[in-house]
Each structure stands twice: as structure tokens, then as C-alpha cells.
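Taking it in order: structure first as C-alpha cells, then the write-up.
What follows is calculated from the coordinates using simple rules that are stated; it is not laboratory data. For clarity, every value in this text was computed on a predicted model and none was experimentally measured. Reconstructed Cβ throughout: ideal geometry from the backbone, glycine too, with neighbour counts over all protein chains shown.
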Amino acid sequence: MQSMTEKLVSVLTIRPYEPSDYDAVWHLHIYALQKAGAYVGDGPWDDDMRNIEGVYMNDRSIFLVGLCETQLVAMGAFRQVTRLFPSKILPNYPPEGLRDRAQITRMRVHPDFQGRGFGHQILRALEIQATEFGYKTLHLETSVLQIAAQTLYRKNGFQETERLVVRGLDSILFEKAIG
């Protein structure tokens with residue numbers, strides 16, 4: 001167990017996902033959701049996690065991991081929006097307008113490492129990269145059970161746009177203009 005001093009001086013190293021990260025990323029994905037009470041089981045909603053290179057490692061998407069020493073303790077990604085989820089978020093929104101929108105997704109921090117600013121660091125790195133890729137708007141979805149995530153997003157300028165049920169969980173949609 002780390003002392004309070006050790007917790008305060010923990011450094012997060014952020015880098016793009018590598019194929020050798022797969023097992024640690026999958027474990028963090030499941031474990032963090034379980035601890036938050038937001039895990040709904042394995043299903044097609046996790047298909048992107050089975051093909052991280054194909055979905056996120058291209059010229060308009062990215063998947064980042066955060067390491068504390070050698071342990072993978074944080075992650076987050078974004079990808080270009082190809083459709084609005086759900087489509088009622090912006091009724092009649094022209095598809096060509098989606099080129100300027102990215103969806104933040106797969107934000108996770110290992111529960112034992114929460115409260116150290118790692119989520120903020122991953123989110124900020126994603127925002128910087130999204131701006132460099134030319135995106136103007138970010139949006140994301142989180143469950144009402146994930147209080148720490150909601151706090152993180154609000155502190156970083158995301159505004160709640162809608163509440164709805166996603167895979168049986170009450171969820172909140174957030175959005176932020178970045179460009």
C-alpha cells in the first residue's frame with residue numbers, strides 16, 4: 001500500500017496504445033466499470049475494444065493509455081463521429097457536419113489510482129490531440145452511476161445536453177466546444 005506522499009508524487013506517462021497493452025486495457029475496462037456499478041456484461045457494445053487498432057489507431061482517432069511506472073492505470077480514446085448516438089441528440093443535423101465532431105470514449109482510471117488527476121491528464125491529452133486533428137466539438141456519454149466521471153467532465157468544461165437510457169443504465173450526454 002502506498003503512503004499519502006507516494007500517492008501525491010505519482011507521475012502518469014501518457015502514450016498511444018500498443019498491441020501489447022491489450023490484456024491490461026481489457027482488464028482495466030471491465031474492472032473500472034464493475035467497481036463503478038456500471039458494468040452490463042460483455043456484448044456487441046464492446047466490439048471496438050476487441051479491435052482497438054482498427055477502430056482508434058488511424059489519422060482521425062486515437063486511444064491513449066496512462067502508465068504509473070510500468071502499470072497501466074488509465075486510458076481514454078476518441079473517434080470521429082459517423083452518426084450521432086442517439087440520433088435524437090441533434091435532430092436534422094447534417095451528416096457533413098459530423099466531420100468536426102469526435103466522441104470521447106473508454107475513459108477509465110483504475111479505482112486504486114483515482115483522485116490523483118490521472119483522468120484529467122488523459123482527458124486533456126485527448127482534447128489537445130482532437131484540436132490538432134481539427135475537431136471543433138467533443139461529446140461523450142457516461143452513466144449516472146459514474147459520479148467521479150461526471151465531476152471530471154463538468155470541471156473540464158463539458159456541458160450536459162441530455163439524459164437517456166443506454167443499455168439499461170440511466171446515462172448523461174455531455175458536449176464541449178474545443179475549436
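A few comments on the model shown:
- Segment 4-177: relative contact order as a whole-number percent, Cα under 8 Å and 6+ apart: 20
- Around residue 48: net Lys/Arg minus Asp/Glu count, Cβ-Cβ under 9 Å: +1
- Segment 24-74-segment 107-179 distance, computed between alpha-carbon centres (Å): 14
- Put simply, the convex hull of the Cα atoms in segment 105-172 casts, on average, a shadow of 4.9 nm².
- Computed magnitude of the charge dipole of segment 4-177 (debye, nearest 20; Cβ of K, R +1, Cβ of D, E -1): 500
- Cα-based radius of gyration of segment 4-177 once divided by 2.2 N^0.38 Å, which approximates compact folds: 1.00
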